[in-house]
Amino acid sequence: MENGHARNRVAVIGSGNWGSVASRLIASNTAKLPSFHDEVRMWVFEEILPTGKKLSESINQANENCKYLPGIKLGANVIADPDLENAVKDANMLVFVTPHQFVEGICKKLVDKLRPGAEAISLIKGMEVKMEGPCMISKLITSILGINCCVLMGANIANEIAVEKFSEATVGYKKDKEVATRWAKLFTTPYFLVSIVEDIEGVELCGTLKNVVAIAAGLVDGLDMGNNTKGSTECYSLKMSSRTVSAD
Ligand SMILES: NC(=O)C1=CN([C@@H]2O[C@H](COP(=O)(O)OP(=O)(O)OC[C@H]3O[C@@H](n4cnc5c(N)ncnc54)[C@H](O)[C@@H]3O)[C@@H](O)[C@H]2O)C=CC1
Ligand SMILES: O=C(CO)COP(=O)(O)O
């Protein structure tokens, strides 16, 4: 697609805190990069606000997600769409960014509804725990929809990226470097640096386990145990994460 005639079209599936910030990042790039169609469709799980207004309508009127990212303009080229099928139908680049527990249901609704050749990326931390064992989210997306799914993970607090504080992230991919490079291009800005690594499972597991470490660090803070204990906890957690990632 990148070298062909048509431009890449992006849909973001999810519009919470990270979904809104991801849409803003992406839209800032699609507005200026010729290989992308500038419009970014953001699927919104419809909610009724205390004012009685629909969240999707409010986002489109104010260009702001007043519930999940108040005070931040998303970019005029972000269009909120509460209709899942409509949001994805023209897109060849699908960004999954909902809480993990909703992914399976969303994917089942999208079977046979995607544009041929569509590619996905998951920004979702977590895993689906099934009777057969844990299943990473990228694998779940691939198994239900039959499409390639990269991941993008990092120590990324959405609210900080929304105000353009510097951070970095990694795209994990399998075999197809051109696709990974296209994802990195879509997300990279001067304040959000994206690199690529040929290891989906490693990147996704590290992103997910990072949050377990974050909870441990929070407990140490809460118990006022001090920075040395926090440092030791993080070191030990890194060793455990590394062992988990290398295990078969
Ligand atoms: N917020 C952050 O700083 C970061 C979040 N992440 C990951 O991104 C993913 C999304 O997190 P957030 O955007 O923070 O979530 P959030 O908690 O801000 O938003 C929740 C979203 O889920 C939607 N929702 C509620 N019920 C639903 C249903 N039945 N079906 C589908 N959607 C429903 C809500 O409308 C809302 O859009 C998570 O996996 C999280 O771990 C990753 C990095 C940073
Ligand atoms: O991963 C995160 C920040 O990097 C946030 O994840 P949660 O929103 O699941 O806590």
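The values are calculated or read from the model by the stated rules, or taken from the named source; none is laboratory data. Just so it is clear, the model here is predicted, and its values are computed rather than measured. Because the Cβ atoms are built from the backbone with ideal geometry, glycine has one as well, and the counts that use them run over all protein chains shown.
Selection of first residues in segment 127-146 that are under 27 Å from Gly117 (Cβ atoms) and of second residues that are among the small types (Gly, Ala, Ser) and surrounded by 18 or more Cβ atoms within 10 Å (Cβ to Cβ), restricted to Cβ pairs under 7 Å at least 6 apart or on distinct chains, gives the following pairs, ordered by first then second residue: Ile137/Ser122; Ser138/Ser122; Ile141/Ala120; Ile141/Ser122. The residues listed here are Thr170, Thr229, Thr181; of these, the one that is surrounded by fewer than 16 Cβ atoms within 10 Å (Cβ to Cβ), in contact with a helix residue (DSSP H, G or I) (Cβ under 7 Å, 6 or more places away or on another chain), over 16 Å from Met127 (Cβ atoms) and modelled with pLDDT of 95 or more is Thr229. Just one residue in the set Leu186, Leu193 is over 14 Å from Asn156 (Cα atoms), touching a residue at least 24 places away in the same chain (Cβ under 8 Å) and either assigned to a helix (DSSP H, G or I) or of a type outside the set (Val, Ile, Thr) (or both); that residue is Leu186. Applying a threshold of 8 Å to beta carbon distances and a minimum spacing of six or more residues, or different chains, the list of pairs starting in segment 204-221 at a residue that is not assigned by TED's automatic domain parsing to the domain that holds Leu140 and ending at one that is surrounded by fewer than 16 Cβ atoms within 10 Å (Cβ to Cβ) and of a type in the set (Gly, Ala, Ser) reads Lys210/Ala155; Val220/Gly226.
For segment 97-106, the condition holds for at least one residue, the condition being that it is within 14 Å of ligand 1 (Cβ to nearest atom), in contact with a Gly (Cβ under 6 Å, 6 or more places away or on another chain) and among the polar types (S, T, N, Q).
Can you report the number of residues in segment 111-150 which are assigned to a loop (DSSP other than H, G, I, E, B) and either away from ligand 2 (no atom under 16 Å from the Cβ) or over 16 Å from the mean Cα position of the chain (by Cα) (or both)?
Qualifying residue count, segment 111-150: 13.
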